Each structure stands twice: as C-alpha cells, then as structure tokens.
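Here's the structure, in structure tokens; my notes come after.
The values are calculated or read from the model by the stated rules, or taken from the named source; none is laboratory data. Just so we're clear, the structure is a prediction, and the values are computed from it rather than from any experiment. Neighbour counts run over all protein chains shown; Cβ positions are idealised from the backbone, glycine included. Surface areas here come from the heavy atoms of the whole protein model, side chains and all, with no ligands, DNA or RNA. Shrake-Rupley method; radii C 1.70, N 1.55, O 1.52, S 1.80 Å.
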Amino acid sequence: SRLRVIGAVLAVLVLAFGAVTAWQVTERATAADSVKDRSQPLSANAADIYRSLADADATAAGGFLAGGQEPREVRLRYERDIGLASDLLVKAGAQTSGSRDARDQIAKLNHQLPFYTGYIESARANNRQGLPLGGAYLRYASETMRGELLPAAAKLYETETARLGSDYADAKSWPWAATGVGLLTLGALGWAQRRDYRRTNRVFNRGLLAATGASAVVLLWLLAGHSLARAGLDESSAHGARSLRVLNEARIGTLQARGDENLTLVARGAVLTPDGDDAYEVSYKAGMRELVGSGARGAAAEGSLLDRAKDLADDPKGRDPVARALDDVREWQRRHADARATDDAGDYEHALPKVIGAKGSTGESFDRVDAELAAAVRHEQAEFNRAAGDGRGALE
C-alpha cells in the first residue's frame, strides 16, 4: 500500500509539473504575442495619430501663409493627414476595448477633430477673400489642436506604451511556479529511485527512470526556452521599442517646431508670452532644445532626442539616418535664424519664401529631417519585428 501511495504522489507531481509548465508557458507566449502583434502596433499607431495631427496643423498653417490660392499639394497633404488620423482612430477604437483610458482619449479625439477641421475651413474661406478674420480662425484651430487634440493623442500614446511595457513584463517574468514544481518532481523521483534501490537492490526502475528523464527534458526545455525568449524580447525592447519611442518623439518634436515656425508668421506678434516674447518662437526654440540641445551647430547635445536615438541604434542602418537628420536640423536652424532676422527687420515679404518656399527654405529642411527620421523608424520597426519574433518563437 505504501508503494501505491508513493506511486500516486509521484504521478500527481508529474502531472502537476506538466500542467503548471503548460499554463505558464502559454501565459508568456500570449504576452509575447501581444507585444509583437498588438501592444507595440497600437503604440506605433498612437504615435502616428499624434504625428498626423501635428503635421496637419503645420501643413494648414503653411497653406494659409501661401495666400488665398492654397497650393494643391499642400491641401492634399493636409487631407491625407486628417484622413490617416481618422482611420487610425477607428482602428484604435476597435482594438482597445479593454482599456478605459484609451477609449476616453479616442472619444475625445473623435469629438474635437470636427471642431478643428471646421475652424480650418473657416480660416481658408476668409483667407481666399482676403479677410483678416482668417488668421483668427487659424489661431482658434491651432489652440484646439494644441490644447485638446494633441494632449489627448499624447495620453493615448502614453496609455498604449504603458500597455506595451506591461506585456513585456508579463512575457519576460520567470516561470517560478513551473520551475519549483519541476525541481520538486525531480527530487521526489530521485528519492523514490534511491528508496527502491535500497529495498530491492534494483539499479534502475524503468518507469521511474522514464518519468525522471521526461521531467528533466521538460525542465531543461522550460529554462532554456524562457532564457532565449527573454533574450529576444530584451533585444526587441532595447534595439526596437525604445528606439522607436525616441524616434517617434523626435518626429513629433520636429512637427511641433515646424508648426510653431509657420504660426509665428501667421500671428505676426499677436500671441505673446507673459514676458512679451513671441509665444510661437519661444515654443520653437524649446522644441529645438529637446531635439538637439541648446547649440546651433555640431553634434547633438547629450541627452537630447537625436543623441539618444543615435545611441540606441545598434547598426549603421539605424545610425546613419539619424546622423543625416542632425545635419538637416542644423541647416534648418541656420535658415530659420535668417528668416527670423529678415522678418524682425520688417521685411515680411522676403521672410515668407524663406519659410515656405520650395528651395532653400526651412520647409525644405523640415521635409528632409522628417524623411530621414521616417527611414530610421522603418529600420527600427523591422529590427523590433525580427527580435520579438525570435523571442516568441523560443516559447514554441
């Protein structure tokens, strides 16, 4: 009867080990799937919503500066931005059913976006007729964008990024329960075999030996597989998700700087800080400090967005676009200083093409910066997909 009890206990331990292992591996595989296929794409989509809205605002201001006959390509770019933001909001709404914070921000964005587009259309209509009221409508639109839409988009991005961090933590958490039950099972099987040997002088019990071998293989697979999965997920975080977050913040910063630059000319000194300085110019300079630091030439300052993006890139395909973007930012700063000096001297007509002109303008520099950062984002996204896929595959 004692042998039967021991056999039953061993059987329960082996079954429990298998069940707990399956449960914990499934949990981590599900979390790894969420990292790759759900939370990271949702975080990227939230960043694209922010970027599209910020680009729409900068583009609308640039089109307003062009006069009553807004260039067709500018109008199309604005419409693409608004269309993309709307489509991504629909997609985000369908995929964030479990997050109340995300739903609240999406609802706010959907509510406020029609007000913004309405102000923009009123600004255009007045601008075509040469009425000064157009500038006021454009400022109302920008205030709606910066006071309501962009903060909501930023909160949505933070919510989805926090969910990504939570999924990473779940996927990488060590399967302590399975490990503990596995070690207990192996210990019990070893004790049983020793007991059997001492009582019967039989060196091997085939049943116990098979159970021990199977349990050892499962435990080794669990430990090795999870270690490989953690390594892949760590790589996808360090050289994918973190790089993407910094690059997205850099793209958003450049868009905000571009919008500030355009609105400086639209407002013509009508919006001031408490110190009496042009509010949009102050905001432009603050954005540039975050992007590259306080200097106007040379390498990006330590801790600035482009400096961090360069450090996080782990190969030339990731670093080179960031280096080119820095060169273009420095050219943008030089052109901006020239345009501001011209405008401050009272020569608005000559300052305008230096900001929105096709060649040699700050707008041209901005487009180059954005294109280089977009190239870096595409590369880091591919790196993330590869590393996250490797981490997920190790759990199969």
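Scanning the stretch 323-375 for residues that are in contact with a Leu (Cβ under 8 Å, 6 or more places away or on another chain) and without any contact (Cβ under 8 Å) to a residue 60 or more places away in the chain yields a single hit, Leu326. Just one of Glu148, Glu143 is open to solvent by 40 Å² or more (accessible area, probe 1.4 Å), closer than 30 Å to Gly62 by Cα, without any contact (Cβ under 8 Å) to a residue 12 or more places away in the chain and part of a helix (DSSP H, G or I); which is it? Of Glu148, Glu143, the one residue that is open to solvent by 40 Å² or more (accessible area, probe 1.4 Å), closer than 30 Å to Gly62 by Cα, without any contact (Cβ under 8 Å) to a residue 12 or more places away in the chain and part of a helix (DSSP H, G or I) is Glu143. Considering (1) among the charged types (D, E, K, R); (2) touching a residue at least 12 places away in the same chain (Cβ under 8 Å); (3) surrounded by 14 or more Cβ atoms within 10 Å (Cβ to Cβ), the lone condition that Arg128 does not fulfil carries the number (3).
Restricting Glu261, Glu235 to those that are in a helix (DSSP H, G or I) and within 24 Å of the chain's Cα centre (by Cα) reduces the list to Glu235. Could you list, in sequence order, all residues of the stretch 241-278 that are hydrophobic (A, V, I, L, M, F, W, C), out of contact with any Phe, Trp or Tyr (no Cβ under 9 Å at 6 or more places or on another chain) and either modelled with pLDDT of 90 or more or surrounded by 24 or more Cβ atoms within 10 Å (Cβ to Cβ) (or both)? Within the stretch 241-278, Val246, Leu247, Ala250 meet the criteria. Would it be correct to say that Asp170 is under 30 Å from Leu223 (Cβ atoms), open to solvent by 30 Å² or more (accessible area, probe 1.4 Å) and in contact with a helix residue (DSSP H, G or I) (Cβ under 6 Å, 6 or more places away or on another chain)? Yes, satisfied.
Residue pairs whose Cβ atoms lie under 9 Å apart, sitting 6 or more positions apart in sequence or on different chains, and linking a residue in the stretch 186-200 that is part of a helix (DSSP H, G or I) to a partner that is basic (Lys, Arg) and open to solvent by 40 Å² or more (accessible area, probe 1.4 Å), are Asp196/Arg202. Of all residues in the stretch 205-234, those that are touching a residue at least 12 places away in the same chain (Cβ under 8 Å) and of a type in the set (Lys, Arg) have Cβ atoms under 8 Å from Cβ atoms of residues that are in a helix (DSSP H, G or I) and crowded, with 19+ Cβ neighbours inside 10 Å, 6 or more apart or on another chain, in Arg230/Lys172; Arg230/Gly391. The residues on offer are Arg38, Arg80, Arg75, Arg51, and the sole one that is out of contact with any Pro (no Cβ under 6 Å at 6 or more places or on another chain) and farther than 27 Å from Arg103 by Cβ is Arg75.
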